[in-house]
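Here is the structure we will look at.
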Amino acid sequence: SKKDTLSNLDQVLLADSAGKTVSWQVTFTGDSSSIAPTLGDTLIVGFTKPLSSKDEFSFTTKGPSTNENTIQKQLDKIKAVPNPYVVTDVYEQSLPSTIRGRGDRIIDFTNLPPKCTIKIFTSAGDHIRTLEQNGDLNNGTVTWDLRTKEGLDIAYGVYFYVVQVPNSSAKKIGKLAIIK
């Protein structure tokens with residue numbers, strides 16, 4: 001199963017520090033695509049044996065994080081779709097027959113890490129737009145409306161994008177083609 005989901009009957013076993021004596025077992029129940037716990041979720045634990053004043057419980061959790069050793073592998077999976085972008089590309093949703101025009105002009109950057117910056121440049125190296133991904137582990141897509149930071153439509157041609165993660169030197173550099 002995926003790393004960010006739980007399957008029905010997935011278990012967490014609590015053991016001594018050596019990992020040899022299992023003392024408790026937590027079993028997750030639900031449909032086959034339950035989302036892994038996130039910030040603000042509540043875990044309710046039920047017991048089938050009586051508790052005494054000698055019982056002691058301590059729970060520690062960690063929030064989602066990015067492993068510096070694998071960040072470049074994750075960045076290598078980033079894609080810009082469609083690429084090349086062709087005017088009236090099939091990827092775009094068509095408009096209802098009562099509305100004229102081409103509809104939304106967009107390119108999606110997919111497989112992004114939870115926090116990153118996407119800087120878009122012309123082939124001459126001029127910075128035209130910065131996009132931010134401030135999502136969670138379950139949402140790795142940012143949409144670009146093919147406009148500059150001033151809100152102008154971009155021209156046809158080749159563009160470059162650079163994806164960077166805060167506090168990391170790893171980056172993804174890619175190129176886009178906008179074809180008339």
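Pairs over the 32 Å Cα-Cα cut-off, from the set K77/K180; K49/K115; K73/K149; K115/K175; K20/K77: K49/K115; K20/K77.
In this calculation the C-beta distance from T143 to K73 is compared with R0 = 22 Å, giving a FRET efficiency of 0.35.
Rounded, prolate or oblate: which fits the stretch 115-180 when a ≥ b ≥ c are the square roots of the eigenvalues of the alpha-carbon gyration tensor, with rounded for a/c under 1.5 and prolate only if a/b beats b/c? It comes out prolate by the Cα gyration axes. Label separation (S169 vs T122): 3.2 nm, computed from points 7 Å beyond Cα along the C-beta direction.
FYI, it's all coordinate maths here, none of it is from the lab. The structure displayed is predicted, hence computed values, not measured ones. Methodologically, a virtual Cβ is constructed for each residue, glycine included, from the backbone with ideal geometry; neighbour enumeration extends over all protein chains shown.
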